Amino acid sequence: MTGGLAYVLADEAARNRYHADFVQAVACSAEEDAMLRQVLIKHCLVNWSPSAALILNAGPLLPFMRVQPLQLPCAVDQTWPYTAPHPELCCGWQRQSDSLRREYSGGVD
């Protein structure tokens, strides 16, 4: 890792496939869950991803854990403004995905 954060499926994080001398797996906060959900929804709408759809339907909380350096370079909430979808960009994705959904469903929403 380069000092950043990685969000991995909890099952994978539980296998301890990371170097515990440098990183640790921790539960995601409610805010992170909400942001991850937004990113996954956008990904699912744009790419028609069955994997993203399965993850989104896994339950009320997403099955992710955050893998982070033992010594964080900054607070976790400071990393999301650079990653989170920007509303001005998402609006175009939403319109495009709505149009595609209507096209592939024969005009039925």
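Read-outs throughout are calculated quantities, based only on the coordinates presented, and are distinct from any laboratory measurement. From a predicted model like this one, the values you see are computed outputs, not experimental measurements. As a convention, Cβ positions derive from the backbone with ideal geometry for all residues, glycine included, and neighbour counts pool all protein chains shown.
Remarks
- Between Asp11 and Leu56, the contour length at 0.36 nm per residue exceeds the Cα-Cα span by 14.7 nm.
- Net charge of the neighbourhood of Ala52, taken over other residues with C-beta under 13 Å away and scored Lys/Arg +1, Asp/Glu -1, is +2.
- Once backbone amide H atoms are built at 1.01 Å from N, Val23 has Leu70 as its partners under 5 Å, excluding neighbours fewer than 5 places away on the same chain.
- Least to most buried among Leu70, Leu36 (fewest other Cβ within 10 Å first): Leu70, Leu36
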